[in-house]
Amino acid sequence: MIREYIEAALAQANYEIIKADEPYYGEIHGLQGVWATGRTLEECRKNLSETLDGWIVVHLKKGLPIPPIGQNKVEELRRLEV
């Protein structure tokens with residue numbers, strides 16, 4: 001569920017080159033605060049994935065909504081019984 005969400009979000013990411021020590025910049029529109037930079041496009045994409053992962057954890061912990069990406073949703077589990 002989360003892996004598919006992250007992959008779908010990264011597929012919609014926008015990247016650009018900026019004037020900075022880490023010139024590759026990426027962001028995912030619709031997910032406020034999810035952006036990253038890197039020395040290479042691959043590094044930027046990895047950093048963006050890690051940022052999104054942390055963003056999801058914070059939103060789940062605080063009970064904040066996580067907007068769907070296409071058919072992909074991340075929802076809080078209310079209770080898990082084993």
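The values are calculated or read from the model by the stated rules, or taken from the named source; none is laboratory data. Please read all numbers here as calculations on a predicted model, not as lab measurements. Every residue, glycine as well, gets a Cβ built from its backbone with ideal geometry; the counts of neighbours run over all protein chains shown.
Of the residues in segment 1-11, how many are more than 10 Å from the chain's Cα centre (by Cα) and at pLDDT 95 or above? Adding up the residues that qualify gives 1.
Scanning segment 19-40 for any residue that is basic (Lys, Arg), part of a helix (DSSP H, G or I) and surrounded by 11 or more Cβ atoms within 10 Å (Cβ to Cβ) turns up nothing. Among the residues of segment 10-55, those that are β-branched (Val, Ile, Thr) and within 23 Å of Asn72 (Cβ to Cβ) comprise Ile28, Val34, Thr51. Remark: pairs (first residue in segment 28-39, farther than 17 Å from Ala11 by Cα; second residue at pLDDT 95 or above and crowded, with 17+ Cβ neighbours inside 10 Å; Cβ separation under 6 Å; 6+ apart in sequence or on different chains) = Gly38/Tyr24; Gly38/Cys44; Gly38/Asn47. Taken together, Glu16, Glu43, Glu75, Glu4 contain a single residue that is out of contact with any Ser or Thr (no Cβ under 9 Å at 6 or more places or on another chain) and in a helix (DSSP H, G or I), which is Glu4.
Looking across segment 63-78, the residues that are modelled with pLDDT of 90 or more and among the aliphatic types (A, V, I, L, M) come down to Leu64, Ile66, Ile69.
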